[in-house]
1. If residue 116 meets every condition in (1) under 19 Å from residue 156 (Cβ atoms); (2) at pLDDT below 90; (3) assigned to a helix (DSSP H, G or I) apart from one, which number is that one?
2. Which of (1) modelled with pLDDT of 90 or more; (2) in contact with a strand residue (DSSP E or B) (Cβ under 9 Å, 6 or more places away or on another chain); (3) under 21 Å from residue 49 (Cβ atoms) does residue 162 not meet, given it meets every other one?
3. When the residues of region 80-106 are narrowed to those that are of a type in the set (Gly, Ala, Ser) and over 18 Å from the mean Cα position of the chain (by Cα), which ends up surrounded by the fewest Cβ atoms within 10 Å (Cβ to Cβ)?
4. Mind checking which pairs have a first residue in region 30-56 that is closer than 30 Å to residue 66 by Cβ and among the hydroxyl-bearing types (Ser, Thr, Tyr) and a second that is crowded, with 19+ Cβ neighbours inside 10 Å and at pLDDT 90 or above, Cβ under 6 Å, 6 or more apart or different chains?
5. Looking only at residues in region 12-24 that are in a strand (DSSP E or B) and touching a Lys or Arg at 6+ places or on another chain (Cβ under 8 Å), which one is surrounded by the fewest Cβ atoms within 10 Å (Cβ to Cβ)?
6. Among all residue pairs at least 6 apart or on different chains, which show Cβ distances below 9 Å where the first residue, located in region 66-88, is at positive phi and the second is aromatic (Phe, Trp, Tyr) and outside any loop (DSSP other than H, G, I, E, B)?
7. Test residue 34 against the stated conditions and say whether it is modelled with pLDDT of 90 or more, buried (at least 17 other Cβ atoms within 10 Å of the Cβ), within 21 Å of residue 130 (Cα to Cα) and among the aliphatic types (A, V, I, L, M).
8. Output the residue which, of all residues in region 5-31 that are over 21 Å from residue 89 (Cβ atoms) and among the basic types (Lys, Arg), is modelled with the lowest pLDDT.
Amino acid sequence: MDTVNIRMKTKQYALLISPRVVTRGDSIFPHGTLAVRIVHLDGEKISPPMDASFNGLVLACQWDENDPDQPTYAWKTLYREVWKIEHADAEKMIKMLRKVKRISTTASVRSFGEYVAVVARALKIMRALRELDHSTRLSSYNFHEYVQVETSGVAGVIDEIVEKVRGTAVKLDRRQLAGA
């Protein structure tokens, strides 16, 4: 029996850059995070990835909410929201994480946006979508509007989102201090 190796075309995958995937810190855990997801594109339809090596894979960073001048840190690639893992899928996921680790340890990047761009390029993800800020209350890929981001601009878009989110926190803190 001959085995046929069928590969998913990675050009069907895209980075999904969304300001809604920001977690803000609080007094107990004062660290904010941003996660960039990978989605599957089929024409106009956006859905979770089909291939186990991309399903649940996110690129994330963290920052200290109390120190807006400190750069982001803890840049990492990890799997989130993985509910069921078959043995073959686990092997694909480990292979993917090893590949990303190899890529990220050799790359010279100065920001989280650059980290995401380098990893995406190495994984042959050639498309990126940015979710527009005016989202609906419904939680689904299909109820939001997206604009395509040129691959050369991915780093700038991500870094801009992080800066905007962190700038908002600083402004709120200054207003609270002024009112106290």
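1. Unmet for residue 116, out of (1) under 19 Å from residue 156 (Cβ atoms); (2) at pLDDT below 90; (3) assigned to a helix (DSSP H, G or I): (2).
2. In the conditions (1) modelled with pLDDT of 90 or more; (2) in contact with a strand residue (DSSP E or B) (Cβ under 9 Å, 6 or more places away or on another chain); (3) under 21 Å from residue 49 (Cβ atoms), residue 162 misses (3) alone.
3. Taking the candidates together, the pick is 88.
4. 33/60
5. 16
6. Matching pairs, first to second residue: 74/63.
7. So residue 34 passes the test.
8. Result: 11.
The values are calculated or read from the model by the stated rules, or taken from the named source; none is laboratory data. All of these numbers come straight from a predicted model, not from anything done at the bench. When we count neighbours, we look across all protein chains shown, and the Cβ atoms used for this are built from the backbone with ideal geometry, even at glycine.
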